[in-house]
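Chemist: Take a look at this one; I'll ask things after.
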Amino acid sequence: MIIKTFNFEKYVDCIIKIIPLNVAIFLMMTLYRLFFFFYFKNGLALDGLYNSLFKSFLLGARLDIATLAYINLFVAFMFSIFLVIKNLLLFRISVYFLKIYYFLAFSTIIVLDIIDFGFYVSFGEHINILIFDFFSDDTFALIKTILYDHRFLIALISLFIITFIIYKLIAFTTSQLTSKHTIIDTSVFNFISKTLVILLIPFSIFCLARGTLSMFPLGKFHAQVSNNQFINNVALTSVHSFCDALDAKISQIDNYVDIAQKFNVKKEEIDTNIFNKVSSVNSMAEEIKPNVVFIILEGFGELPILYNSQNFDVLGELAKHFQEDFVFYNFLSAGKITVHALESTILNMPQRPFSLQITQTSKAFKQFSSSIVLPYKKANYFTKAIYGGSLAWRDINNFLKAQGFDEVYGEGSIKNEFRHQWGINDAQFFELILRELKNSNGQPMFIYAMSTATHPPYETPPYYKPLNINIPRDILNMMPGETKYGVRIFESYQFANRQAAKFLSEIKSSEFAKNTIVVITGDHNLREFKATTQEELFKKYSVPMYMYVPEKLRKDTDVNISGCHMDIGPTLYDLSFSEAQYTAAGESLLGQHLSHVAFNSDGFILSNNKAVLYNPENANITYFNFNEKTKMLEITQETQEHKEMLEYYKKVVATSNEYLN
């Protein structure tokens, strides 16, 4: 049939004719993934990995299809526009632009693959934010190094050949688009059928671009299919890796702020040596050399615990352990998001205003002397980091390895039974921790573990039967408009706590009871809580810190002391070492009647019965009295204690900024 105008028949014809081109490009991308696998597998023993490898290639195919779908969204939109314009001559002219668009898009994929290949050769990682250091390093020397590499010529020839083939494929396809003849007769389609097709095609392409029907679009985040990192890397694409790196770099531009100047802290007052400290004398720790398990639970906020009861039983069996052991309730999370907690606890440093997270910068690949793991490494501990989700999240795999952990495990290290959107459920999370602790073979261990489960969409395994959850009115008042998840929030929270209790019971009933310290805290409060007044601010920021300490290692402890995430490392050093040197901005919380200042990334400062809210942006200050029983604040006038708290906060944050930079 000869077409004289751009109509529905021509629209369908164009869609059909671009499919072979995209299939050809998809096959090229698959061939590159096969080449990548065989080039880098380095004698990898595949026994027991075939299932993971299949998942990796399947995920890689989905990521490739998603990339092509993103490219074709524009093309489908253009075809839809011409259904309205209907001018066939104008369409033929636009096809020349389409030829350029396709060539640039597909050639960019090939170029990124070649760059990614070279990056992997150098760093053993896909493209990340370090790629941008090419221009801040000795660029000329790097170019010379690349030119001298024998693979550069091969890559250049490959690029020429592949892009030539792509050009020919595109040229053939576009010539078919401008043909007056169509390969399909749609005259039998009625108006409703045509409308459905016109709506379905772009919607289908959008779904393919998204890659999944789950909460989050398919991306680098999902590439955690195995405990073998190389198998995970096989799935990743250069396009997704580059987009993640670019996003991190854009958010980094013009971000540095001289905090000392901003806070009016004199340069001569800044001395990073104040972070060099020594743990207390502890002869029993030298004798026992205790295991240390440091757990951060997703969303383990304090507010629900304050209302725990038989009708609102969010603690479950964990209440028993809270009664038996140490729990700090005047405790602040480092910030409002998970990465704040991760960095502050790993680096023993506060979160700084005006600054990017370390994991989003090239500093993620640098080992800091303040790393929580280093004193344990020096004491011949075997150190492990466990994350209940994908290690590709914020590239924490690289960050954790750089800080000195012997092994780093993610969700791929355990069977993903009843997996939730962010990783493994908490039953499996604690199972993994206990498994690794039992594999210690007599060598003392330091385990740092972070869960992911108490997080939207708040899923629990189908077998779980929750205890009573009748949400108190006071809590509902702090959750304005929260109707999406309802009681599921607290069922998920309760499930995590009960799994923690099960883990603690197993520890206490085993040989680990006498030689294992366990600390559990939250990364931040539950996300849905909103402080409707300044008087409720503490409840918004607070997380509990629980400590199980074997009888022989227990020290005088005032659990009413104010503390925050950066204080956990120094506290653990006092319990597990004797006169060990370490670097930290925080202070140990052990001892009686201590006066300590805690603070978070929002400039909320707490010490004993006083609090300050300092806005780093505009230097606005609000002073409070703090009621330790009700956990409520009351606005008051400035006192000398308030002034000293604020000065301490500014000095520590300014000094930490100097240290971390």
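Values quoted throughout were computed directly from the atomic coordinates according to the rules given, and no laboratory measurement underlies them. Note that the structure is a prediction, hence the values are computed from the model and not measured. Cβ atoms come from the backbone with ideal geometry, glycine included; neighbour counts cover every protein chain shown.
Chemist: Just check the range 284-599 against the gyration tensor rule for me: Cα atoms, a ≥ b ≥ c as the square roots of the eigenvalues, rounded for a/c under 1.5, and otherwise prolate or oblate depending on whether a/b exceeds b/c. Walk me through the intermediate numbers first.
Modeler: Numbers: a/c = 1.32, a/b = 1.30, b/c = 1.01.
Rounded, because the longest to shortest axis ratio a/c is under 1.5.
Chemist: Are there any chymotrypsin sites (Phe, Trp or Tyr not before Pro) in the range 609-652 that are in a DSSP loop and have at most 12 other Cβ atoms within 10 Å? List them by number. Numbers along the way, then the final one.
Modeler: Details: sites: 614, 623, 624, 626, 648, 649; in loops: none.
Qualifying residues, ordered by number: none.
Chemist: Using the beta-carbon distance between residue 121 and residue 51 and R0 = 22 Å, what value does 1/(1 + (r/R0)^6) give for FRET efficiency, to the nearest 0.05?
Modeler: The formula returns an efficiency of 0.20 here.
Chemist: Roughly speaking, what is the stretch gain from residue 154 to residue 273, that is 0.36 nm per residue apart minus the C-alpha to C-alpha distance, in nm to one decimal?
Modeler: Values: separation 119, 0.36 × 119 = 42.84 nm, distance 5.12 nm.
Between residue 154 and residue 273, full extension yields an extra 37.7 nm.
Chemist: Moving on. Just going by the charge dipole of the chain, with Lys and Arg at +1 and Asp and Glu at -1 on Cβ, which of 646, 29, 295 is farthest out on the positive end?
Modeler: 29
Chemist: Here's something else I'd like to know. Just in the range 133-234: which chymotrypsin sites (Phe, Trp or Tyr not before Pro) are loop by DSSP and have at most 16 other Cβ atoms within 10 Å? Numbers along the way, then the final one.
Modeler: Working: sites: 134, 135, 140, 148, 152, 160, 164, 167, 172, 189, 191, 203, 206, 221, 230; in loops: 135, 189.
Here the chymotrypsin sites (Phe, Trp or Tyr not before Pro) that fit, given the DSSP loop and packing criteria, are 135, 189.
Chemist: Here's a follow-up. Where the only charges are on Cβ atoms (+1 Lys, Arg; -1 Asp, Glu), what is the dipole of the chain about its Cα centre, to the nearest 20 debye?
Modeler: Details: 58 positive and 62 negative charges, 494 e Å.
Value, rounded to 20: 2380 debye.
Chemist: Before anything else, pin down the relative contact order of the range 8-250: Cα pairs under 8 Å, at least 6 apart, normalised by residue count, whole percent.
Modeler: On the way: 182 pairs, mean separation 105.1, N = 243.
That works out to 43 percent.
Chemist: OK, next. So for 44, 68, fewest C-beta neighbours within 10 Å to most, what's the order? Please report the intermediate quantities before stating the final value.
Modeler: On the way: 44 13, 68 22.
Lowest to highest Cβ neighbour count: 44, 68.
Chemist: Same structure again: Starting from a Cα-only point model with no solvent, please compute log10 I(q)/I(0) by Debye for the range 202-319 at q = 0.09, 0.12, 0.16, 0.19 1/Å.
Modeler: Per q value, in the given order, log10 I(q)/I(0) is -0.73, -1.11, -1.06, -1.06.
Chemist: Please label the shape of the range 489-561 as rounded, prolate or oblate, based on the square roots a ≥ b ≥ c of the eigenvalues of the alpha-carbon gyration tensor (a/c under 1.5 means rounded; beyond that, a/b larger than b/c means prolate, else oblate).
Modeler: On the way: a/c = 4.62, a/b = 1.64, b/c = 2.81.
Cα axes put the range 489-561 in the oblate bin.
Chemist: Which value, in Å³ per residue, describes the convex hull spanned by the Cα atoms of the range 53-170? Present the calculation step by step, with values, prior to reporting the outcome.
Modeler: On the way: hull volume 18.7 nm³, N = 118.
Taking only Cα atoms, the range 53-170 has a hull volume of 158 Å³ per residue.
Chemist: Right, something else. Starting with the fewest neighbours, write out 571, 237, 5 ranked by other beta-carbon atoms found within 10 Å of each beta-carbon.
Modeler: 5, 571, 237
Chemist: Further question on the same structure: Compute the distance from the alpha-carbon center of the range 485-500 to that of the range 583-634, in whole Å.
Modeler: First find each Cα centre; the distance between them is then 29 Å.
Chemist: A further question follows. So which DSSP H runs in the chain come out at 24 Å plus along the axis (Cα) with average Kyte-Doolittle of at least 1.0? Please report the intermediate quantities before stating the final value.
Modeler: Working: long enough: 8-40 (48 Å, 1.36); 50-85 (52 Å, 1.50); 88-123 (51 Å, 1.66); 150-177 (41 Å, 1.61); 191-210 (29 Å, 1.89); 488-508 (30 Å, -0.50); 640-660 (30 Å, -1.03).
Correct list, ordered by number: 8-40, 50-85, 88-123, 150-177, 191-210.
Chemist: May I pose another question? In nm, to one decimal, how far is the modelled label at residue 283 from the one at residue 147, with both set 7 Å along Cα→Cβ?
Modeler: Result for the modelled spin labels: 6.9 nm.
Chemist: Kindly provide the GluC sites (Glu not before Pro) of the range 414-460 that DSSP labels as loop, not H, G, I, E or B, and whose Cβ sees at most 11 other Cβ atoms within 10 Å. All intermediate terms of the calculation are to be shown ahead of the outcome.
Modeler: Working: sites: 417, 431, 436, 459; in loops: 417, 459.
Those satisfying the criteria are 417.
Chemist: What is the gain in length, in nm to one decimal, between residue 629 and residue 61 on full extension, counting 0.36 nm per residue of separation less the C-alpha to C-alpha distance? All intermediate terms of the calculation are to be shown ahead of the outcome.
Modeler: Values: separation 568, 0.36 × 568 = 204.48 nm, distance 5.64 nm.
Stretched fully, the residue 629-residue 61 segment lengthens by 198.8 nm.
Chemist: Would you calculate a helix-derived [θ] at 222 nm for the chain, using -39,500 (n - 2.57) for each DSSP H run of n ≥ 4 and dividing by the full residue count, to the nearest 500? Write out the running numbers ahead of the final one.
Modeler: Numbers: 21 runs with 300 residues, N = 661.
My calculation for the chain gives -14500 deg cm²/dmol from helical runs alone.
Chemist: Now for a different question. Once you have the alpha carbon radius of gyration of the range 593-661, what is it after dividing by 2.2 N^0.38 Å, with N set to its residue count?
Modeler: Working: Rg = 12.4 Å, N = 69, 2.2 N^0.38 = 11.0 Å.
Here the answer is 1.12, to two decimals.
Chemist: So, in nm, how far is label residue 30 from label residue 465 when the simple model puts each one 7 Å beyond its Cα toward the Cβ?
Modeler: Taking the simple label geometry, residue 30 and residue 465 are separated by 4.8 nm.
Chemist: Okay, next question. Quick one: what do you get for the chain if you divide its Cα Rg by 2.2 N^0.38 Å?
Modeler: Details: Rg = 28.7 Å, N = 661, 2.2 N^0.38 = 25.9 Å.
That ratio works out to 1.11.
Chemist: Could you tell me whether the range 317-438 comes out rounded, prolate or oblate from its Cα gyration tensor? Rule is a ≥ b ≥ c as square roots of the eigenvalues, rounded for a/c under 1.5, then prolate if a/b exceeds b/c, otherwise oblate. Present the calculation step by step, with values, prior to reporting the outcome.
Modeler: Numbers: a/c = 1.36, a/b = 1.19, b/c = 1.14.
It comes out rounded by the Cα gyration axes.
Chemist: Hey, another quick one. For the range 8-250, what is the convex hull volume of its Cα atoms per residue in Å³?
Modeler: Values: hull volume 39.3 nm³, N = 243.
So the per-residue hull volume is 162 Å³.
Chemist: I need 573, 50, 458 ordered by Cβ neighbour count within 10 Å, fewest first.
Modeler: Working: 573 29, 50 9, 458 23.
Ascending number of Cβ neighbours within 10 Å: 50, 458, 573.
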